[in-house]
Amino acid sequence: MKQFDIYIDGAAKGNPGPAGIGVMICHNGEVIKNIAKHIGSATNNVAEYTALIYALKESRVLDASNIKVFTDSELLYKQIRGEYKVRHENLKPLFEQIQDLLKEFSFFEIRHIRRENNRGADKLADQAAKEIKVG
């Protein structure tokens, strides 16, 4: 039974604009995987949701059963916890995908943290948002 602490962030340069995600997967206090991925043009909220999807998928690949996710996005945090309704049409399919992915874990917790406590994932997302894809 593997437990991961996962830090996620999404960034968009413009809203919408070039966007990227950052994911840091930690096990026993050590970073075991970093993900920085350019996701094309998106809003900041879509990037935050996409970061969580990537984190959940990679956690399954790494055979995790228990995960704690740390995000500096209050909207994402409150929507995943059911405190806010998902109203924006672009977020609804992403929210549903997350709900399906969460069924594969025996334990899931999401925590809201301050941005300064999420510097690693923030840096990965920011770098990925700046990547220019040609062709």
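Here, each number is a calculation from the coordinates, and none is a lab measurement. Quantities reported herein were computed from a predicted structural model and do not represent experimental measurements. Here the Cβ positions follow ideal geometry from the backbone for every residue, glycine too, while neighbour counts run over all protein chains shown.
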Using a 10 Å Cβ count of at most 14 others and DSSP loop calls, identify the longest part of the chain lacking such GluC sites (Glu not before Pro). 1-82
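With loop defined by DSSP as not H, G, I, E or B, and exposure as at most 13 other Cβ atoms within 10 Å, which is the longest segment of the chain clear of exposed trypsin sites (Lys or Arg not before Pro)?
Numbers: sites that count: Arg81, Lys85, Arg87, Lys103, Arg114, Lys133.
Maximal segment without exposed cleavage sites: 1-80.
Can you tell me the length gained on complete extension of the stretch Arg81 to Val61, counting 0.36 nm per residue apart and subtracting the Cα distance? Could you put the intermediate results ahead of the total?
On the way: separation 20, 0.36 × 20 = 7.20 nm, distance 2.40 nm.
Going from the current span to full extension adds 4.8 nm.
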Computed [θ] at 222 nm, helices only, for the chain once each DSSP H run of length n ≥ 4 contributes -39500 (n - 2.57): -11000 deg cm²/dmol
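Given Cβ point charges of +1 (Lys, Arg) and -1 (Asp, Glu) and nothing else, what value in debye, to the nearest 20, does the dipole of segment 2-130 about its Cα centre take?
Numbers: 19 positive and 17 negative charges, 28 e Å.
About 140 debye.
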Hey, how many Å between the Cα centroid of segment 71-135 and the Cα centroid of segment 25-54? 8 Å
Using θ = phi - 60° and Karplus 6.51 cos²θ - 1.76 cosθ + 1.60, couplings along segment 69-76 (whole Hz; Gly, Pro as x): 10, 10, 9, 9, 8, 5, 4, 4
Using modelled amide H (1.01 Å from N, peptide plane; none on Pro or chain starts), what sits under 5 Å from the amide H of His88, excluding residues fewer than 5 places away? none
If amide H atoms are modeled at 1.01 Å from N in the peptide plane, then the residues at a separation of 5 or more from Val69, or on another chain, having amide H under 5 Å from its own are Ile6, Glu109, Ile110, Arg111
Can you work out ³J(HN,Hα) from phi for every residue in segment 32-42, in order, using Karplus 6.51 cos²θ - 1.76 cosθ + 1.60 and θ = phi - 60°, giving whole Hz and x for Gly and Pro? 9, 7, 10, 10, 10, 9, 6, 10, x, 8, 7
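Can you give the % of DSSP beta bridges in segment 2-130 that are antiparallel, to the nearest 5? Kindly include the intermediate steps, with their values, before the conclusion.
Numbers: 19 of 32 bridges.
Antiparallel bridges: around 60 percent, rounded to the nearest 5.
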Kirkwood hydrodynamic radius (C-alpha pairs) into Stokes-Einstein, segment 2-73, 25 °C and 0.890 mPa s, D in µm²/s: 203 µm²/s
Please list, in chain and number order, the residues 5+ apart from Ile32 or on another chain whose amide H is under 5 Å from its amide H, with Hs placed from the backbone. Ile25, Cys26, His27
